1. Listed highest first by mean packing, meaning other Cβ atoms within 10 Å per residue, what order do 267-273, 164-170 come in?
2. Of all trypsin sites (Lys or Arg not before Pro) in region 278-368, which ones are in loop regions per DSSP and have a Cβ with at most 14 other Cβ atoms within 10 Å?
3. Expressed as a whole percentage, what fraction of the accessible surface of region 81-155 belongs to carbon and sulfur atoms when a 1.4 Å probe is rolled over the protein heavy atoms?
4. Please give every one of the aspartates and glutamates within straight-line cross-link reach of LYS227, meaning a C-alpha to C-alpha distance under 13 Å, and leave out same-chain neighbours fewer than 8 residues apart.
5. Beyond 18 Å, what share of the Cα-Cα pairs of region 281-371 is found? Please give it as a whole percent.
6. Determine which lysines satisfy two conditions relative to LYS230: a Cα distance under 22 Å, and not lying fewer than 8 residues away in the same chain.
7. Using a 1.4 Å probe on the protein heavy atoms only, what accessible surface does SER445 show? Give it in Å² to the nearest 10.
8. When the accessible area of region 333-445 is split by element with a 1.4 Å probe, what percent falls to carbon and sulfur?
Amino acid sequence: MSESTIGVSIKQVLQQSLQQFPTPKQVVEFLDKRIIGQSEAKKIVAIALRNRVRQKLLPEGMREDVTPKNILMVGPTGCGKTEIARTLAKLLEAPFIKVEATKYTEIGYVGKDVESIIKDLVEISIKNMKLKKRSKFTDQAKQKAEDKIMLELVGSSPSEETFTRFLKQLQEGKLEDREIEVEFEPQNNNPLGGMMDIPGGNGQIGIGALPLGDIFGKAFGGSKKKKKMKICDARKILIDEAINEQMDEENINEEALRDAEENGIVFIDEIDKIAFSNNAKGGEVSREGVQRDLLPLVEGTIVNTKYGLIKTDNILFIASGAFYSSKPSDLSPELQGRFPIKVSLSSLTVEDYVKILTEPENSILKQYSALLETEGVSIEFEEVVVREIATLTERLNKEIEDLGARRLFSIIEALFAEINFTASDLPEYQKNLKIDTPYFNTQLSKMLKLTKDLKNSLI
């Protein structure tokens, strides 16, 4: 196959991936089902994601110059910044990690090295990839486990009648407590762990990490052993063993590394806490140092992990902050320039809170109602109470501190406190409860010390 033909085929694959990738409109529709409000922010984020896929289709010379654009989200606590990023990762099945900028310090100060962000992202990617592979091999592994169990039950040459009878009983779950002898590979039989780690070596020896099992072989007892156990327990062990036989660790690590490199999303929260203004008191050197250390990751660099080298050029970085006591321009010019897409998220309104309480598939009120249903208690909310909760949330956020939707949980906990305490002991005739305005006022008055100074409020 000629070089030009290879180039055409690669482009066709990329075009197919573009067609399969959700459009900006589809991304927004997905977000709308799970996150209330912030429509403008959703659109901007969806466009940024689409452009990352479009960039891969550009001619090679231009593709290197069109760098992926990172995002800075500015908005109050609890307005949906984190959820937008987390939900995007879920939609794309992309490796995702959330970190707090305040947990990292420049080299020479006490704290975590910023490169550990990428190393942790790779670990998450490998975990996700293993889960995907496991689900792929599960059906085949179940069949292998069943074959081994049947071999123990009826031997290698049973009559057709015997085999059919035992197979039917096994599949109907009638033999779960029957004991059989199972041969299996003991898990975690290596007392020194899976990888040889040396100081300063990033968990590596030479180019790649070497599993100690490969070095010492069966020195620590790597042979199989036999044990009698119930079929219900044996099945789990045999399924795991069959899956592990299909898993190619080296291939999984390579795929996961590539997935993190091409599709990874890093959400850096509290980036406003490492910004500094002329009015800041102390700590400027350390905060500026964190920004300086973050810059190479966001610009694009190579990080050495124990699974291999990873380039950060195409990782999507989403930074977030409330910027109450600072502003985005207080970040260093170099770091600001690496977050060219700036999104402003607004405080939530009463209507937003009403929707958050009721509309999502697993809305807050549905969650609390479902918990009580486990005790046989059913809850009915008057619409006016839902609006009163939303109104109170907005009022407290305005007059005390804006916690966004997070304050809803404090109010709902106060509202449900008495019901949660008595639900287990309620007689049958009292298990249908209605949350109306009098009940709302009575319960919350115990927690709300509504004076002229709302700061006395416990919610």
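1. Working: 267-273: 22.0, 164-170: 14.7.
With the highest mean Cβ count within 10 Å placed first, the list reads 267-273, 164-170.
2. Numbers: sites: LYS281, ARG287, ARG292, LYS306, LYS311, ARG338, LYS342, LYS355, LYS366; in loops: LYS281, LYS306, ARG338.
Passing both the DSSP loop test and the Cβ count: LYS281.
3. Values: 2000 of 3920 Å².
That share works out to 51 percent.
4. GLU152, GLU179, GLU181, GLU183, GLU185
5. Summing the P(r) tail past 18 Å for region 281-371 gives 65 percent.
6. LYS142, LYS144, LYS148, LYS168, LYS174
7. 70 Å²
8. Numbers: 3060 of 6140 Å².
Looking at region 333-445 in its full context, I get 50 percent from C and S.
The values are calculated or read from the model by the stated rules, or taken from the named source; none is laboratory data. Being a predicted model, the structure only gives us computed values, none of them experimental. Every residue, glycine among them, receives a Cβ derived from its backbone with ideal geometry; neighbour counts consider all protein chains shown. The area values use the complete protein model at the heavy-atom level, side chains included, leaving out ligands, DNA and RNA. Shrake-Rupley method; radii C 1.70, N 1.55, O 1.52, S 1.80 Å.
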